[in-house]
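The structure under discussion appears below in the form of structure tokens.
The values are calculated or read from the model by the stated rules, or taken from the named source; none is laboratory data. On a predicted model such as this, the values are computed, not experimentally measured, just so you know. Virtual Cβ from ideal backbone geometry, glycine too; neighbours counted across all protein chains shown.
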Amino acid sequence: MSQPDRIFIKGNEAIARGALAAGAKCFFGYPITPQNDIPEFMSQAIVDAGGQFVQAESEVAAANMLLGAAACGIRSLTSSSSPGISLKQEALSYMAGSEVPGVIVNVSRGGPGLGDIGPSQADYFQSVKGGGHGDYKLLVLAPGTVQEAYDLTIKAFDLAFKYRNPVMILADAIIGQMKEPVVPWTPEHRDPNEGRTWGLVGAKDRAPRLVKSLFLEDGALAGQNLKLQAKYKRMQSEVDQELFLTDDAELIVVAFGSIGRIVKSTVRKLRAQGKKVGLVRPITLFPFPADVLLGLAKQGKRFITIEHNMGQMVEDVRLAIRTVADSDFYAQLPGTLPTPDDFEEPILKALEG
Amino acid sequence: MTQELRVTNYPQVLTDRPTHYCPGCHHGTAHRLVAEALTDLGLVENTILVGSIGCSVFIYNYLSLDAIESPHGRAPAVATGIKRARPDKIVFTYQGDGDLASIGMAEIMHCANRGENITTIFVNNTVYGMTGGQMAPTTLVGQKTTTSPSGRSQEDTGSAIRMTEIIASLGGVAYAERVAVNTIKNIKKAQKAVRKAFEYQVKGLGFSFVEVLATCPTNWHMTPLAANKRIETEMIPYFPLGTYKDVLAKEEK
């Protein structure tokens, strides 16, 4: 078997190419650093693939265009970065409430406010905890490499349509701007008419379809919320994480995305020095690998959570293991660019502590 | 006992159910104009309705069409997404003045300017109806509302926005017309305008826009008859009726 062709591309381009491989037909974007490569690439590539590109008047509008296109059962996406994602939260709440599948890419940057254009993971809360109004969940996927950014974008579309729910790719400026080799691939056997039972196409020879999130009748909203919660429970089966040298580890480092990848190098180096440390890198942030963490906690392992923010995912780690253990936390300050060496000291301190 | 005689009929796409609109409200008339245009042009089975926020949020209860709800003001963006995803479908938004001319100003302007091949029916009754009669972007100077109890002050809040004139100035617009439905004569003209708007979409000419001057007797604190009269005496003088853009007309007004 011959070696598949590899291409050397940025994470942003990998996400765009992954979306095309997944069969995306509509892209709605707006310029914001550090995700501009995605709309720039798509402005040509998705049109060449027979799709539609719209540079919207705002992130608000781009997300609402996604709501409309996705309600037709067409694979569609939007991309932005943190301040722009704040603006998209309105439409995300509507998409979740009216069960419309779409993919939202967040190449996150530092905040709050205008923050900076450097890498940050401070959008964990606004991605995983909802962000907009109401009780809803996005499926949230956090790539740690450029190849994984490509792969997870394909997966994002499958999950979106499987659950009729918005799915967020939570990357950051490191993943988006870093170049790595990628082996592109195209999924097989995709149903080209997967929205046929619910998509808006015009009410011909059947009753009209209605995509809505307004439920005013007595008990109707309660019913809708119970239905959504049951769906979020079913999504638990999609949980995914990377476990690295956890079996005999005394200390588990929990880190996601680009930071998880950098910490992996730190863990390797400390292992060479005989230190018994391991890594859990959540790949799905919702659903969160709480059971995996609890299992490790029950084995008597200790924990440190490392994030590129002031402490967000650590709350979920603590919730997961609260009955048997706790987690230390180390904040890599947003807007800085860490190396594996930066994490040695906090990990050793937690190991000795 | 009186005998009920059916003297006319209504398009099948209009559902047979009690209305939630107040007595004398013009939404019902505007709904019917849309229903007639879609029926006459044979578009019913091929149309996607994009609703908005306001009293007409329930329009999908009255028109038997595939439909979607939009967040407040975003209907033109939602419609853009639908039309791009399904270019072979007829797509229209139905929006009130608060929705379109205030919170949704960016979306309507850019949708029109891009020349999205959709139709917008804009119902202007100069108040936020559903929330209880607050001042709208189209509230006339001097008009009393629950948030302008002494009458709209031009000094503090500016004056009523004339949307059709603004829309007509944008490059992507094929057709922009302002109509009223307060008299039989005006309804006839409105009927033609709504039909023309959908015809232009079928022809792929670009964005088409019909503003309908409408009553809100409840929030105007008027009888339906007095409200109809107000359209004539106060609204039409400020919001003149007529065609503001028509790419197929030989001479534009």
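What residue, of B:152, B:84, is without any contact (Cβ under 8 Å) to a residue 60 or more places away in the chain and part of a helix (DSSP H, G or I)?
B:84 is the lone residue from the list that is without any contact (Cβ under 8 Å) to a residue 60 or more places away in the chain and part of a helix (DSSP H, G or I).
For the subset of the stretch A:188-223 comprising residues that are touching a helix residue (DSSP H, G or I) at 6+ places or on another chain (Cβ under 6 Å) and in contact (Cβ under 8 Å) with a residue 60 or more places away in the chain, which member is farthest from the other protein chains (Cβ to nearest Cβ)?
By that ranking, first place goes to A:194.
Is it the case that residue A:40 is acidic (Asp, Glu) and out of contact with any helix residue (DSSP H, G or I) (no Cβ under 7 Å at 6 or more places or on another chain)?
In short, yes.
Report yes if residue B:36 is surrounded by fewer than 22 Cβ atoms within 10 Å (Cβ to Cβ), in a helix (DSSP H, G or I) and of a type in the set (Asp, Glu), otherwise no.
Yes: the conditions hold for residue B:36.
Examine the stretch A:303-310 for a residue that is within 14 Å of residue A:270 (Cβ to Cβ) and assigned by TED's automatic domain parsing to the domain that holds residue A:276, and state whether such a residue exists.
Yes, because at least one residue in the stretch A:303-310 is within 14 Å of residue A:270 (Cβ to Cβ) and assigned by TED's automatic domain parsing to the domain that holds residue A:276.
With the structure loaded, tell me whether residue A:46 is assigned to a helix (DSSP H, G or I), β-branched (Val, Ile, Thr) and under 26 Å from residue A:332 (Cβ atoms) or whether it fails that test.
The answer is no for residue A:46.
For the stretch B:203-218, how many residues are in a helix (DSSP H, G or I) and buried (at least 24 other Cβ atoms within 10 Å of the Cβ)?
The qualifying residues number 0.
Any idea which residue in the stretch A:57-80 is surrounded by the most Cβ atoms within 10 Å (Cβ to Cβ), counting only those that are small (Gly, Ala, Ser) and within 7 Å of chain B (Cβ to nearest Cβ)?
Taking the candidates together, the pick is A:68.
Taking the stretch A:298-313 on its own, how many of its residues are touching a residue at least 40 places away in the same chain (Cβ under 8 Å) and under 25 Å from residue A:235 (Cα atoms)?
4
Give the stretch A:43-56 a look and list any residue that's closer than 19 Å to residue A:23 by Cβ and either surrounded by fewer than 22 Cβ atoms within 10 Å (Cβ to Cβ) or at the interface with chain B (Cβ under 10 Å from one of its Cβ atoms) (or both), or say none.
Hits for the stretch A:43-56 are A:43, A:44, A:45, A:47, A:48, A:49, A:50, A:51, A:52, A:53, A:54.
Report yes if residue A:96 is of a type in the set (A, V, I, L, M) and either farther than 29 Å from residue A:312 by Cα or at the interface with chain B (Cβ under 8 Å from one of its Cβ atoms) (or both), otherwise no.
no
Do the conditions hold for residue A:236, that is, is it within 14 Å of chain B (Cβ to nearest Cβ) and part of a helix (DSSP H, G or I)?
When the stated conditions are applied, residue A:236 does not pass them.
Which one of these does residue B:26 not meet: (1) at the interface with another protein chain (Cβ under 9 Å from one of its Cβ atoms); (2) under 17 Å from residue B:190 (Cβ atoms)?
So the condition that residue B:26 fails would be (1).
Identify the residue in the stretch B:60-93 that is within 7 Å of chain A (Cβ to nearest Cβ) and among the basic types (Lys, Arg) and, among all such residues, is surrounded by the most Cβ atoms within 10 Å (Cβ to Cβ).
Restricting to residues being within 7 Å of chain A (Cβ to nearest Cβ) and among the basic types (Lys, Arg), the top hit is B:74.
Any idea which residue in the stretch B:94-137 is surrounded by the fewest Cβ atoms within 10 Å (Cβ to Cβ), counting only those that are within 14 Å of chain A (Cβ to nearest Cβ) and assigned to a loop (DSSP other than H, G, I, E, B)?
So, considering only residues that are within 14 Å of chain A (Cβ to nearest Cβ) and assigned to a loop (DSSP other than H, G, I, E, B), the one surrounded by the fewest Cβ atoms within 10 Å (Cβ to Cβ) is B:115.
Look through A:27, A:8 and report the one residue that is of a type in the set (Phe, Trp, Tyr), at pLDDT 95 or above, under 29 Å from residue B:72 (Cβ atoms) and outside any helix (DSSP H, G or I).
One residue alone meets the criteria, A:27.
Among what's in the stretch A:10-65 and is of a type in the set (D, E, K, R) and under 25 Å from residue B:51 (Cα atoms), pick the residue that is nearest to the chain's Cα centre (by Cα).
Ranking the candidates gives A:59 first.
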